[in-house]
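First up is the structure itself, then whatever we jot down about it.
Since every read-out is calculated from the coordinates, none of them should be taken as a lab result. Model, not experiment: these values are computed from the prediction. Cβ atoms come from the backbone with ideal geometry, glycine included; neighbour counts cover every protein chain shown.
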Amino acid sequence: GSRHQKFILELASGQTILIAHNIDLAPRIPDLRDGESVSFYGEYEWNERGGVVHWTHHDPQGRHVDGWLKHDGKTFQ
């Protein structure tokens, strides 16, 4: 399958979610460090561990709304 940059974010509510960002379709966030803020837009799927957000990139086939990640003033799509 495709390669993904994966990391866990803790929301203000305390809930944690896994971000699975497809780096075959969008650039990786370089030098992401523990404690840094990341804004995101993508498709959320619940699971017993808190859930996963994927489709955080442009959909080349146009079937999904484009998602994104924002970090350090840059957008990764």
For residue 55, distant residues with modelled amide H under 5 Å away: 22, 43
From phi via Karplus (6.51, -1.76, 1.60), per-residue ³J(HN,Hα) for region 22-35 in Hz, x at Gly/Pro: 6, 8, 7, 10, 8, x, 6, 7, x, 6, 5, 10, 3, x
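Given the Cα-Cα distance of residue 9 and residue 32 and 0.36 nm per residue of separation, how much length would full extension add, in nm? Intermediate results must be reported in sequence, preceding the final value.
Values: separation 23, 0.36 × 23 = 8.28 nm, distance 1.16 nm.
The residue 9-residue 32 span can extend by a further 7.1 nm.
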Amide proton proximity set for residue 4, modelled H, under 5 Å, gap of 5+: 23
Note, ³J(HN,Hα) from phi for region 46-53, Karplus 6.51, -1.76, 1.60, rounded to Hz, x at Gly and Pro: 5, 8, 5, 8, x, x, 9, 10
Simple Cβ-charge dipole of the chain, Lys/Arg +1 and Asp/Glu -1, about Cα centre, in debye nearest 20: 140 debye
Whole-Hz couplings from phi, Karplus 6.51/-1.76/1.60, listed for region 65-77; x for Gly and Pro: 5, 5, x, 6, 10, 10, 8, 6, x, 10, 9, 10, 9
Radius 11 Å from Cβ of residue 21, net charge of other residues (Lys, Arg +1; Asp, Glu -1): +2
Loop-resident sites, region 5-77, for chymotrypsin sites (Phe, Trp or Tyr not before Pro), counting at most 15 other Cβ within 10 Å (DSSP): 46
Segment residue 2-residue 44, extension gain: residue separation times 0.36 nm, minus the distance between their alpha carbons: 13.3 nm
Exposed-loop-free span, longest in the chain, where trypsin sites (Lys or Arg not before Pro) count as exposed if DSSP calls them loop and at most 16 other C-beta atoms lie within 10 Å: 4-27
